[in-house]
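Any read-out appearing in this document is the output of simple, stated calculations on the displayed coordinates, not a laboratory observation. Given the structure is predicted, the values throughout are model-derived calculations rather than measurements. Cβ placement follows ideal geometry from the backbone for every residue including glycine, while neighbour counts extend to all protein chains displayed.
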Amino acid sequence: MIYQRQLLKELSWTAVGIFFVLLMVLVATQAINLLGRAASGRVAIDAISALVGFWTIGLMPVVLILTAFISVLTVLTRYWRDSEMVIWLSSGLSLKRWIMPLMKFAIPFAILVAVVSMLIQPWAEWRSREFAETLKQKQELSLLEPGVFREIGQHQPRVYFIESFNADTGEAKNLFVREKDKNGRESTVFARHGQFKQVGEKRILLLQNGYHYNGMAGKADYERAYFDNMTLVISVNTTVVDPRQNRHTIATSALFGNPDPAYRAELMWRLSLPISVIILALLALPLSYYNPRTGHTYNILVAIGLFLLYQNGLTFLRDAIEEGHIPMLLGLLPMHILMLLLFFILLHWRNQPAMPLYKLLFSRNKGRS
């Protein structure tokens, strides 16, 4: 029908504009956040552009959900404001006839959200963490400059001085390493050769042909020892992220049948996202009601409130599943059923805009068919 084609056309163009606006806000917010973390040394500066891309993919389901919801709400509110919906109802037609064209718009969004949340998002989260850790490791080594004293390490800082250093291979010559333990004893190492390596979860420094001095500053108790080979642990837990060890990075296929509450909660969340697209698009139909005589935009505030209630309710149920308080199916269904029931009540009410809600709830009149 003509009205369906016109509605889909307007929804599509509106969705494109809203999507790009939300995307720009998201990218700018994440870039500012990462720049702040890079300034404090928690993120490698070279990783910012790549991490913004990975984080954008990770938040894409929320952006798509908001795009579909705001698009339907915006277009249908204009219909009410321009009295097109009033003419529709005056012609004896029901608002239920708008459900089918809305589904033609919302279902592709739901499929896209499902693909992103179940397939692309876990991969992006895993690559984001892996990339950030890899660059962080490289950044630590890049701090070493020949002929310059550098302090590296947070939990156990050491002062390094290297005469020559190759950041690609990790090989160094004529090294000086100094550290101080909790008791104030100083340890100083001189070595002719050294190499930084990654062994398991540890990053180590292999030293060859050198001397080790150990003692308390200001006291004549220094010990001197010659060594052919010596190993210093630079940092631990530096291996890249294993996607099987984190619920956000694990593949969706591995979540099915897994009894772990954290994995069940993650599966519930990924299944809820595409379902919420359809339900929010339906809710936007009665929530778009606008009375041009009053000029009040209370419907927008109510829509925002219901969206926040919906998302926070899903988050609350996800946390309850993760903590083992409720099974997954019990956490998956309640919010969706509640919002779907609310949709039918509001739709029945908006079919008769002149009737107060409390009268409608206690009336036997079922509205227009």
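Explain nothing, just the number: dipole magnitude of the range 1-128 about its Cα centre with +1 on each Lys and Arg Cβ and -1 on each Asp and Glu Cβ, in debye rounded to the nearest 20.
Here the size comes out at about 220 debye.
Can you compute the modelled spin-label distance between residue 217 and residue 309, with each label point 7 Å from Cα toward Cβ, in nm?
Going from the residue 217 label point to the residue 309 one covers 6.4 nm.
Counting other C-beta atoms within 10 Å, which of 67, 315, 14 has the fewest, and how do the rest follow?
Fewest-to-most Cβ neighbours within 10 Å comes out as 315, 14, 67.
Relative to the present Cα-Cα distance, how much length would full extension add between residue 227 and residue 62 at 0.36 nm per residue of separation?
Taking 0.36 nm per residue and subtracting the Cα distance, the gain is 53.6 nm.
Which ordering of 256, 196 is given by a fewest-first count of other beta-carbon atoms within 10 Å?
Exposure proxy ranking, most exposed first: 256, 196.
Compute the signed sum of charges (Lys and Arg +1, Asp and Glu -1) over the other residues within less than 12 Å, Cβ to Cβ, of residue 193.
That sum, taken over residues with Cβ under 12 Å, equals -1.
Just order 266-272, 324-330 by mean Cβ neighbour count inside 10 Å, highest at the front, would you?
Final packing ranking: 266-272, 324-330.
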